[in-house]
Amino acid sequence: MSDQNGGSQEPEREEPIIRDKRRIDPETGKVRQPEGESADAGEHDLSHEELVDVGPADGADEEEGGVLSDDDLDILSGQTTGEQLAAERLADLQRVTAEYANYRKRTEANREIERERAVGDAVKGLIPVLDDLERAEKHGDLGEGTAFSTIAAKLRAAVERLGLTPYGEKGEPFDPQIHEAIFQQPTPGVTADTVAEVVETGYRLGSTTVRVAKVVVSVPA
């Protein structure tokens with residue numbers, strides 16, 4: 001285009017419009033309110049203007065560090081203090097730690113119960129053999145130094161290593177929880193129910209009773 005003096009005049013260059021889309025105001029540190037629809041519509045009408053974004057827009061990829069978490073926004077807006085957030089995180093950590101500790105205790109208790117049950121099933125088949133050895137010992141068939149006495153000692157030691165322990169002794173108080181009374185014998189001078197004779201030895205495996213002891217009970221006359 002030429003002016004009146006015949007020279008050419010350069011067309012005016014329109015300066016780009018810079019719109020700051022950062023959610024946090026760098027000067028005040030507060031969260032900015034999003035612009036209304038009218039402002040967004042105005043941007044589309046400025047077809048001749050060049051828009052330059054400053055900072056990440058809403059919905060930017062978190063991997064690029066463009067989005068703050070809700071907790072960060074609450075702190076910056078003054079709704080939550082750093083001490084409150086730290087206390088909440090500590091409470092969450094303590095709760096998770098307590099839940100994990102309870103889970104471990106339950107798991108270990110269940111594991112021990114299952115182990116005792118499995119071993120109990122295995123040793124139940126040996127209890128009749130132990131009964132035969134006990135009867136043979138009472139009849140004098142397991143003399144000291146004989147081959148049978150050596151075998152009996154090894155078998156008893158093996159089941160004890162598995163945790164199987166015998167119980168039931170003459171003279172101990174009668175307990176219906178662990179004793180089975182096959183006969184009650186009134187006895188003068190007895191003030192409480194007492195085991196007078198053990199007919200069949202009882203066995204325990206840890207806290208589990210594998211077989212109750214069968215006994216004759218002396219009761220007050």
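In the range 129-183, which residues are polar (S, T, N, Q) and open to solvent by 40 Å² or more (accessible area, probe 1.4 Å)? Lay out the reasoning, then the answer.
Initially, the range 129-183 is screened for residues polar (S, T, N, Q), giving 146, 149-150, 165, 177.
Once the filter is applied, which keeps residues that are polar (S, T, N, Q) and open to solvent by 40 Å² or more (accessible area, probe 1.4 Å), the range 129-183 yields THR146, THR150, THR165, GLN177.
Output yes when any residue across the range 114-128 is at pLDDT 85 or above, within 30 Å of ALA158 (Cβ to Cβ), open to solvent by 100 Å² or more (accessible area, probe 1.4 Å) and within 27 Å of the chain's Cα centre (by Cα), and no when none is.
Here is the first cut: in the range 114-128, the residues at pLDDT 85 or above are 123-128.
Those still in the list that are within 30 Å of ALA158 (Cβ to Cβ) too: 123-128.
Of the ones still in play, those that are also open to solvent by 100 Å² or more (accessible area, probe 1.4 Å) are 124.
Checking which are within 27 Å of the chain's Cα centre (by Cα) leaves us with none.
No, the range 114-128 has no match at all.
Of everything in the range 208-218, what is in a strand (DSSP E or B) and closer than 30 Å to ARG161 by Cβ? Give them in sequence order.
Result: THR208, THR209, VAL210, ARG211, ALA213, LYS214, VAL215.
Please count how many residues of the range 109-161 are touching a residue at least 60 places away in the same chain (Cβ under 8 Å) and not β-branched (Val, Ile, Thr).
Matching residues across the range 109-161 total 8.
Residue check: is VAL190 touching a residue at least 12 places away in the same chain (Cβ under 8 Å) and part of a strand (DSSP E or B)? Talk me through it step by step, then tell me what you get.
Numbers: touching a residue at least 12 places away in the same chain (Cβ under 8 Å): yes; part of a strand (DSSP E or B): no.
Answer is no for this residue.
In the range 186-208, which residues are of a type in the set (Val, Ile, Thr) and either farther than 25 Å from LEU126 by Cβ or open to solvent by 60 Å² or more (accessible area, probe 1.4 Å) (or both)?
The answer is THR187, VAL190, THR191, THR194, VAL199, THR208.
State all residues of the range 193-221 that are within 22 Å of ALA118 (Cβ to Cβ) and either without any contact (Cβ under 8 Å) to a residue 60 or more places away in the chain or not β-branched (Val, Ile, Thr) (or both); if no residue qualifies, say none.
Correct list: GLY202, TYR203, ARG204, LEU205, GLY206, SER207, THR209, ARG211, VAL212.
Let's see how each residue does on (1) of a type in the set (Ser, Thr, Tyr); (2) in a loop (DSSP other than H, G, I, E, B); (3) at pLDDT below 85; (4) closer than 18 Å to LYS214 by Cα:
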site	(1), (2), (3), (4)
GLN94	no, no, no, no
ASP132	no, no, no, yes
ALA152	no, no, no, no
ASP175	no, yes, no, yes
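Within the range 164-187, which residues are in contact (Cβ under 8 Å) with a residue 40 or more places away in the chain and more than 37 Å from the chain's Cα centre (by Cα)?
Once the filter is applied, which keeps residues that are in contact (Cβ under 8 Å) with a residue 40 or more places away in the chain and more than 37 Å from the chain's Cα centre (by Cα), the range 164-187 yields GLY168, PHE174.
Just a yes or no: is a residue in the range 197-207 among the polar types (S, T, N, Q), in a strand (DSSP E or B) and touching a Gly at 6+ places or on another chain (Cβ under 8 Å)?
Among the residues of the range 197-207, not one is among the polar types (S, T, N, Q), in a strand (DSSP E or B) and touching a Gly at 6+ places or on another chain (Cβ under 8 Å), which makes the answer no.
The values are calculated or read from the model by the stated rules, or taken from the named source; none is laboratory data. Keep in mind that this is a model prediction, so the values were computed, not measured. Quick reminder, even Gly has a Cβ in these numbers, built from the backbone with ideal geometry, and neighbours come from all protein chains shown. To get the accessible areas, we keep the full protein, side chains included, count just its heavy atoms, and leave off ligands, DNA and RNA. Shrake-Rupley method; radii C 1.70, N 1.55, O 1.52, S 1.80 Å.
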